[in-house]
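Here's the structure we're looking at; comments come further down.
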Number of protein chains: 2
Amino acid sequence: MAEATAEYKVIGTRPIRPDGADKVTGRAIYGGDMRLTGMLHGKVLRSPHAHARIKSIDTSKAEALPGVKAVMTVKDLPKAEARMAAAGEMPINVKYLSNNVMADEKVLYKGHAVAAVAATNVHIAEEALALIEVDYEVLPPVLHVLDAMKADAPLLHEDLKTTELGQPTETVSNIASHIQFKLGDPEAGFKEADVIVERELTTETVHQGYIEPHNATALWNEDGHLSIWTSTQGAFVVQKQTSEVLEIPVSQVTVTPCEIGGGFGGKIPVYLEPVAAVLSKKTGRPVKLIMSRTDEFEATGPTPASHMKIKMGAKNDGTIVAAEATLMFEAGAFPGSPVGAGCMCLYAPYAIPNMQVDGYDVVVNKPKTTAYRAPGAPNAAFASETVIDELAEKLGMDPLEIRRINGAKEGDRRVDGPTFPRIGYMETVHAALEHEHYATPLTGPNRGRGVASGFWFNVGFMSSVVINVNSDGTVNLVEGSTDIGGTRASIAMQAAETLGIPYADVRPSVVSTDAVGYTDVTGGSRTTFATGYAAHDAALDVMAQMKQRAAGRWTSDETPVGPEDVTYADGVFACTKDAEQKLTFKEVAALMPRTGGPITGRATVQPRGVGGAFATHIVDVEVDPDTGKVTILRYTATQDVGTAIHPSYVEGQIQGGVVQGIGWALNEEFVYRDDGSMVNSSFLDYRMPTSLDLPMIDTVLVEVPNPGHPYGVRGVGEVPIVPPLAAIANAISRATGKRMTDLPMSPGYVLSKTQNGD
Amino acid sequence: MAEATAEYKVIGTRPIRPDGADKVTGRAIYGGDMRLTGMLHGKVLRSPHAHARIKSIDTSKAEALPGVKAVMTVKDLPKAEARMAAAGEMPINVKYLSNNVMADEKVLYKGHAVAAVAATNVHIAEEALALIEVDYEVLPPVLHVLDAMKADAPLLHEDLKTTELGQPTETVSNIASHIQFKLGDPEAGFKEADVIVERELTTETVHQGYIEPHNATALWNEDGHLSIWTSTQGAFVVQKQTSEVLEIPVSQVTVTPCEIGGGFGGKIPVYLEPVAAVLSKKTGRPVKLIMSRTDEFEATGPTPASHMKIKMGAKNDGTIVAAEATLMFEAGAFPGSPVGAGCMCLYAPYAIPNMQVDGYDVVVNKPKTTAYRAPGAPNAAFASETVIDELAEKLGMDPLEIRRINGAKEGDRRVDGPTFPRIGYMETVHAALEHEHYATPLTGPNRGRGVASGFWFNVGFMSSVVINVNSDGTVNLVEGSTDIGGTRASIAMQAAETLGIPYADVRPSVVSTDAVGYTDVTGGSRTTFATGYAAHDAALDVMAQMKQRAAGRWTSDETPVGPEDVTYADGVFACTKDAEQKLTFKEVAALMPRTGGPITGRATVQPRGVGGAFATHIVDVEVDPDTGKVTILRYTATQDVGTAIHPSYVEGQIQGGVVQGIGWALNEEFVYRDDGSMVNSSFLDYRMPTSLDLPMIDTVLVEVPNPGHPYGVRGVGEVPIVPPLAAIANAISRATGKRMTDLPMSPGYVLSKTQNGD
């Protein structure tokens, strides 16, 4: 457990979060809490079919219902053209984005939005939905990636031409793109191998499962300006995507991020915001929309099901000499699965001389997938990390030992090109090897211990911070990063550290897009890294001005004092030219009205030295031989967290990621009928882990500071979900002697494997 | 009418205000519109006596009333000590401030707050007030300044020792202070005079008469942080004063300024905010308080009644050689009338070699006065400008001619010390002399034309602005100045001018004290001047960064380009080293993600080059000889406005100031019974001018740019109220042949003067 070090006064401590009191007393305003004068309530009509052509929509009966103020369909949106735009450095296809917000011509999944109603209350709105008459021509759906890749598969998009290795082709198919990364000569590599393992593995569609449903309240004002209040990971992304869908300038859209009840990547794209906006424009009143849990499952962005082929070869000494993989990911109804990230992360923990990774992004009649915590990486690691485990088993080698032998270090190259800067992967392997958990024998029948590693590259993107100094020597920090996991604290702590003042003296505020500089999404494990970086830089801007103020106070005709003559340590400014002259931070703040006025520091960053994150997990399981039910006995997660700014929140991120990984491994899946309708779209039937299913998740914070950040921060939030799927599969394999190749490893599956598996 | 000049593209135009749509559609959130979950409603119990000792307060019956959640008295406030603090550079005595918020030991005016209740609705709160039992020992009140100055007058504060010419004394009296300014040798000066006029003049207490009553909503959160929403001229003043009264750090108080329905100086000090805060702390719930109109009249801060003695002497050629004045101002219940400002402004329009001005700040049993548009100056100008008019009359000289002869110019000295920089007083006199109004003879019986001049020094204080650049080349401007008279526009225009972009591309936001640097009150005619100055400087910070970005794009190994090699004109950046290289403002904005990230500009200012404002008004009146009723026939106001940023709003300020001056001159007054109770505390009985009472007010914008501001801005909002009182008095004198020496010049007064006056 990291604590404040001699090096740092604030970083490494565990203060309470600024939003804590509001959140435990119910004062915090989430999107669903929005109430505006004259507000209407909206509801979305969704397709009952997974694949159908819309022949006509008759909204007249709905419009005639008393209390209904407006009905909208895709006709109320600008006709979306196929053009690329950027939102938070991530390219988006505006036509696909728009058509996902409201179906145009075809519905592509059950739950696809078809129309929407604004009414004086939700009951009338719901009643009105039933009065909208949609004439569908039902088409055969295609629900699985392998089926969708077949030449005779039903086509979702009749104009979707496959992009082959980055080049456009004339081939129309459900394969949106095929990518490939290659390093060395895999064919030659496999010839050197003494042992080769080949496997096909699958994962099912799973959902982020955040507590709070999607919501949006919009007011399209008389002056043409659109205001949106929503629970989002990125107010500026909502601003950008809404402006793209509605074809209005970004500056005509103000987004106020409300508090957010979980996101995990699922609260980045817009679903309801453009709908609320159009309904507000049509009615002249604010309109609020909130999804039901069924809407969440059927019509937001889960993470893809995948089909993966893996082949790895090693020498008898354990050296991995070659690796191949083919990842086929379901994008959902529109192109854009995280298969690219999966390809990049799959073998990243290992220095393998010869590698080839192919990825396929395939559309199917399911909701469009979106980001979910290290998107693509858990799927990929489930495949690669179980095959490495099998290699180790075949070589009679400790599974951490094979990782120790092959682990990636500074200077090693990833399959997608970049070489690693200083990383801490080996430190996580050593931390696992040396952990009391790993040293403690696991005894008893039907028990097994598994390990697995994982990588996530993290992102930097852009952030802006302003720091204003108060007359009492405290400061206010203005930021644009939605706080999901305690980033108000972790960013304020970096400002406090830089300013040499207590954490409690920094008051952070997350404000609307009108009141802060552009700031990318809270995602990609970037917020404590990049917005913290901006806070550090803005604090430096404050310090430079304070030194100038102190110098001005101390300057005289005889002795001119410049800011370069002012030192600052332990909260005290001192003059190198006159040892008598000292001013505390609070004194310089109090003197502002007499030294030139207020002090405001500002910084914007786009840091390029993002530090990748590695984790190695150990898990002990027990498998009930009669039912196949798996119990997690013990779980230890080691992770290179760079510098742990707020260790409790780092531990929380790790524990949360592991828990989500456990759910994904053991129980979670979207279950579909053949017609493409989901049968378990509620929390009663979609089985997420509860606290009763889980042991304490032990965490080991390995701190290898990231040289690309002033305080050594690495993103920590995503990588913890990468190893659990494989670690648990490996543990079950060790317990049962059978390799697990398909998720979820629910009791029925495990039982069938132990009875029939290889 | 000023229009955009060749010099400026945006400044001088008349775009619509950003808050216009919200204000005409009712969307704008004023303080009274605040609704928070679980909110309680508060009411204040006020003293029925103008002067009494509080022997005891029994709140038990009120507390027992169902629905009452808390009752507070002064016991719930920290015991206020007599100590000075600063709020917006204005010194405040915290004990007096606190005791005005809630009476301690004594009540000093009818309406003085004694207790407060928070209940589930306003009706219960009101009912509870009646259940609070206060035992008063009633004391004799003193209601007029001359009475209060008498040696045997009842004392309001038994410990108030007179400050005599800046020195503390042991004299206990109602005279809080006596100040004196002196220049030259008045006694010798009067010996040179051929004509001397001496007069005693009086004005009555008048109110700002803003439409929206005072309000405050407070939430004292579980974590100790206090949030306040209020209609105020200065969020940071409310923050500071609330923190002083409650003895908590300023950083524990967040103030969100709501839209404000008029202030005119009256919405600067706190009345309800600390009460709402304490009631919230006691109940754990948000509490809202709103004043009634009677509360407004009886318990906020009107401008003082005054008694003034004036003596001026001139030679036959019109040269004024000496002037004396004694101004006695009623401070109300606590020290602090604007008599100092009155003394400073009184003779400021004139270069008089010998002057002495004495001022007395006197407490009486009326509500504590506060600022009202050029506070102190209209009273003073009423005295001096009618006496100058009489001098001119006695000399047989045109009243503008005597001003032309004696008018102050650059380098002339004010009685209080400073010498004038470039000012435009003479230009206003010439503008009046040359105006068609002045050239047109006024004919008909009972008619008269009056002129008068006025001065207001304006203030600078401190402001902070941040400008964030959007990807579409528009910008968001963050400011802390409450917008009362269109300053969102006038500040955004200065940013647009500096950035070389259209006005519509700047979106200003007025935010809470958490989200912007320290910014002083919207008052003292400082906002367009000082916050506009900060907007200009923040825009320069943006431009410097944009030049750096452009330079970075154009730099190559062969040709390094620095920001100094980049020019900017007409919205286009160009490279002095390569004529081919050009980028528009919008292009540089769009390139931000590829040139280093977002751009944020920041500036804080404390400008010292505030430009004083002068005005000269012409008014024609007709007096009904039977009733004494005065009708304003025509009114022309000339004013040196520096540079008119938004001419319509400058004209609006002038027209508004004149209208308030007309009301003050002709009708407005607080009428008291001998016991100190006000008899006309409603808008039915307190007679403000309506549109039916008024002609069109013609304005002449004289633009003498202020050298102390990058765009030459001078404050324009206050000085228009300075001349009307005297101008109308002079017009009535010319119409009736009788000198008017007392305000208001209501029909009865005018009739009595014309029948009995001198």
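Every read-out reported here was derived from the displayed coordinates using simple, explicitly stated rules and does not represent laboratory data. Since the structure is predicted, the reported quantities are computational estimates derived from the model, not experimental observations. As a convention, Cβ positions derive from the backbone with ideal geometry for all residues, glycine included, and neighbour counts pool all protein chains shown.
Just a few scattered comments:
- Taking the label point 7 Å along Cα→Cβ, B:G748 and its counterparts in the other copies are spaced 9.5 nm apart, in ascending order.
- Mean residue ellipticity (222 nm) of chain A, computed from DSSP H runs ≥ 4 via -39,500 (n - 2.57), nearest 500: -8000 deg cm²/dmol
- Dipole magnitude of segment B:460-605 about its Cα centre (Cβ charges: Lys, Arg +1; Asp, Glu -1), debye to nearest 20: 220 debye
- The string of couplings for segment B:585-592 from the Karplus curve (6.51, -1.76, 1.60, θ = phi - 60°) is 4, 5, 5, 4, 4, 5, 7, 3 Hz, one whole number per residue in order, with x for Gly and Pro.
- The protection proxy used here, the mean number of other Cβ atoms lying within 10 Å of each residue, ranks peptides B:108-117, A:566-575 as follows, highest first: B:108-117, A:566-575.
- Peptides A:679-686, A:327-334, A:262-269 ranked from most to least packed by the mean count of surrounding Cβ atoms within 10 Å: A:327-334, A:262-269, A:679-686.
- By the Kirkwood approach, averaging reciprocal distances over each pair of separate Cα atoms, chain A gets a hydrodynamic radius of 27.3 Å.
- For segment A:460-605, the residue among A:T576, A:L540, A:A495 whose Cα projects farthest onto the positive side of the dipole built from Cβ charges is A:A495.
- For segment B:671-736, the Kirkwood estimate of hydrodynamic radius, built from reciprocal distances between every pair of different alpha carbons, is 16.3 Å.
- Across the identical copies, how the A:Q167 labels are spaced - nm, sorted shortest first, 7 Å along Cα→Cβ: 9.9
- Low-density loop cleavage sites - GluC sites (Glu not before Pro) in segment A:65-153, where at most 11 other Cβ are within 10 Å (DSSP): A:E81, A:E105
- Kyte-Doolittle mean at least -0.5 and Cα axial length at least 30 Å: DSSP H helices in chain B: B:532-554
- Taking 0.36 nm per residue of sequence separation and removing the Cα-Cα distance, the A:T419/A:K61 pair yields an extension gain of 122.7 nm.
- Nearest-to-axis residue of chain B, judged by beta-carbon position, where the axis maps B onto A, in Å: B:R602, 2
- Potential lengthening between B:K309 and B:V572 on full extension [0.36 nm per residue; Cα-Cα distance subtracted]: 88.5 nm
- Span from the segment B:639-704 Cα centroid across to the segment B:361-388 one, whole angstrom: 15 Å
- Counting Cβ atoms of other protein chains within 10 Å of each Cβ in B:459-468 and taking the mean gives 4.
- Sparse-neighbourhood loop sites, GluC sites (Glu not before Pro) in segment A:485-588 - DSSP loop, at most 13 other Cβ within 10 angstrom: A:E558
- Antiparallel beta bridges, as assigned by DSSP with both residues in the protein assembly as shown, represent about 75 percent of the total such bridges.
- At 7 Å out from Cα toward Cβ: B:E133 inter-copy label distances (nm, ascending): 7.5
- For the pair segment A:282-340 / segment B:125-176, the C-alpha centres are spaced 77 Å from each other.
- Most to least packed among A:650-657, A:533-540, A:702-709 [average Cβ atoms within 10 Å]: A:533-540, A:650-657, A:702-709
- Measuring against 19 Å, Cα to Cα, the residue pairs A:K79/A:K281; A:K95/B:K586; A:K9/B:K240; A:K311/A:K394; A:K150/A:K738; A:K55/A:K281 contain A:K95/B:K586; A:K9/B:K240; A:K150/A:K738; A:K55/A:K281 as the ones spanning a longer distance.
- Dipole of segment B:1-156 [Lys/Arg +1, Asp/Glu -1 at C-beta], most positive-end residue of B:T37, B:L108, B:A80: B:T37
- Taking amide H as placed 1.01 Å from N in the peptide plane, the amide H of A:V704 sits under 5 Å from that of A:V641, A:G642, each at least 5 places away or on another chain.
- Cα Rg, Dmax (largest Cα-Cα span) when computed across segment A:432-489, Å: 22.6, 67
- In the protein assembly as shown, a dipole from Cβ-located charges (positive for Lys and Arg, negative for Asp and Glu) runs towards its positive end, and of B:A50, A:T631, B:N316 it is B:A50 whose Cα lies farthest in that direction.
- Per-residue shielding of A:249-261, expressed as the average number of other chain Cβ atoms within 10 Å of the residue Cβ, stands at 2.
- Per-residue 3J(HN,Hα) values for segment B:354-370, derived from phi via the Karplus relation 6.51 cos²θ - 1.76 cosθ + 1.60 with θ = phi - 60°, read 10, 9, 9, 10, 10, x, 10, 9, 10, 7, 9, 7, 9, x, 4, 5, 9 Hz in sequence order (x marks Gly and Pro).
- Extension gain for the segment A:T584 to A:A544, taken as residue separation times 0.36 nm less the Cα-Cα distance, is 12.9 nm to one decimal.
- Charge dipole magnitude, Cβ of K and R +1, D and E -1 - segment B:131-191, Cα centre, debye nearest 20: 480 debye
- A Stokes-Einstein calculation at 37 °C with viscosity 0.692 mPa s, built on the Kirkwood radius of the protein assembly as shown over Cα pairs, returns a diffusion coefficient of 91 µm²/s.
- Under 5 Å, built H, 5+ apart or other chain: amide partners of B:Y136: B:K55
- Counting Cβ atoms of other protein chains within 10 Å of each residue's Cβ and taking the mean over peptide B:589-601 gives 5.
- Separation of segment A:540-591 and segment A:598-619, taken as the distance between their Cα centroids, equals 31 angstrom.
- For segment A:460-605, a Kirkwood radius taken over Cα pairs fed into Stokes-Einstein (37 °C, viscosity 0.692 mPa s) yields D = 211 µm²/s.
- Hull volume in cubic angstrom per residue (convex hull over the Cα atoms of segment B:466-506): 58 Å³
- Dipole magnitude (debye, nearest 20) for the protein assembly as shown, charges at Cβ of Lys, Arg, Asp, Glu: 880 debye
- Karplus-derived HN-Hα couplings along segment B:292-302 (A = 6.51, B = -1.76, C = 1.60, θ = phi - 60°), whole Hz, x at Gly and Pro: 7, 5, 5, 4, 4, 5, 8, 9, 10, x, x
- Amide H partners (placed H, <5 Å) of B:V255, local residues excluded: B:I228, B:T513, B:D514
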